[in-house]
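Chemist: I'd like to ask you about the structure that follows.
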Amino acid sequence: MKNIKEKFTIQITDKGVQIIAEDQKALHLTFLESLMLLDILRNEERTLRKMAESASPIPIKIHI
């Protein structure tokens with residue numbers, strides 16, 4: 001099995017949310033922006049799951 005490498009870290013701070021890439025580049029979101037992103041991802045969840053399943057090299061499907 002391949003080693004799993006962390007691509008980014010998500011931190012919740014007193015100012016909002018930070019998404020930090022492995023090269024230390026960061027995306028800073030306010031709480032309102034974070035909630036807007038969460039809403040978008042929830043609305044697109046079905047499409048994202050289908051895309052991830054079709055792109056997965058693993059023949060096992062995991063359903064939550």
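Chemist: Taking the residues in region 41-57 that are surrounded by 10 or more Cβ atoms within 10 Å (Cβ to Cβ) and not in a helix (DSSP H, G or I) as candidates, determine which candidate is modelled with the lowest pLDDT.
Modeler: Per the criteria, the residue is Ser56.
Chemist: Got a number for residues in region 2-36 being of a type outside the set (A, V, I, L, M) and within 28 Å of Pro57 (Cα to Cα)?
Modeler: Selection size over region 2-36: 9.
Chemist: Continuing with this model, one more query. So, in region 17-35, of the ones that are polar (S, T, N, Q) and closer than 23 Å to Lys5 by Cβ, which residue ends up surrounded by the fewest Cβ atoms within 10 Å (Cβ to Cβ)?
Modeler: Looking at the filtered set, the residue picked out is Gln24.
Chemist: Further question: Counting only residues that are without any contact (Cβ under 8 Å) to a residue 12 or more places away in the chain and in a loop (DSSP other than H, G, I, E, B), how many does region 4-40 have?
Modeler: Within region 4-40, residues that are without any contact (Cβ under 8 Å) to a residue 12 or more places away in the chain and in a loop (DSSP other than H, G, I, E, B) number 6.
The values are calculated or read from the model by the stated rules, or taken from the named source; none is laboratory data. Fair warning: this is a prediction, and the values are worked out from it, not measured in the lab. All Cβ positions, even for glycine, are placed from backbone atoms using ideal geometry, and neighbour counts span all protein chains on display.
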